[in-house]
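The values are calculated or read from the model by the stated rules, or taken from the named source; none is laboratory data. None of these values were measured; they are calculated from a predicted model. Because the Cβ atoms are built from the backbone with ideal geometry, glycine has one as well, and the counts that use them run over all protein chains shown.
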Amino acid sequence: MICPRCGNTTWKVDRSLTVDSAPIRKQISRKMMDRAEQLVGDYTQDYVVRRRTCEKCGNRDHFVEISFADLEEVIKLRAAEDQSD
Ligand SMILES: [Zn+2]
């Protein structure tokens, strides 16, 4: 993953959160969890949201991690939705 600010490719994971991590949920902003839910939540609840910090410039960003199989299904689902629009 390339940092959009400096082009560096090494990131440090700060925080990780799954759908079931309710007690530490506030460590990842509600907005980011809602975005992940919007992107993949209707297909799978088995995803992880991670906040990473660029090791070079300190830029922070959020990432969604799902399995390859789930990602392929989400892409198919979205393509089918686009065709029905
Ligand atoms: Zn950076």
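Taking first residues from the range 46-59 that are farther than 17 Å from Pro4 by Cα and more than 9 Å from the ligand (Cβ to nearest atom) and partners that are modelled with pLDDT of 95 or more and part of a strand (DSSP E or B), no Cβ contact under 6 Å between residues at least 6 apart in sequence or on separate chains turns up. Candidates in the range 57-72 are the residues that are under 15 Å from Glu37 (Cα atoms) and part of a helix (DSSP H, G or I); of these, the one that is farthest from the chain's Cα centre (by Cα) is Asp70. The set of residues in the range 34-47 being farther than 16 Å from Arg78 by Cα and surrounded by 15 or more Cβ atoms within 10 Å (Cβ to Cβ) consists of Tyr47 alone.
Among the residues of the range 7-20, just one is surrounded by 13 or more Cβ atoms within 10 Å (Cβ to Cβ) and more than 20 Å from Ala36 (Cα to Cα), namely Asn8.
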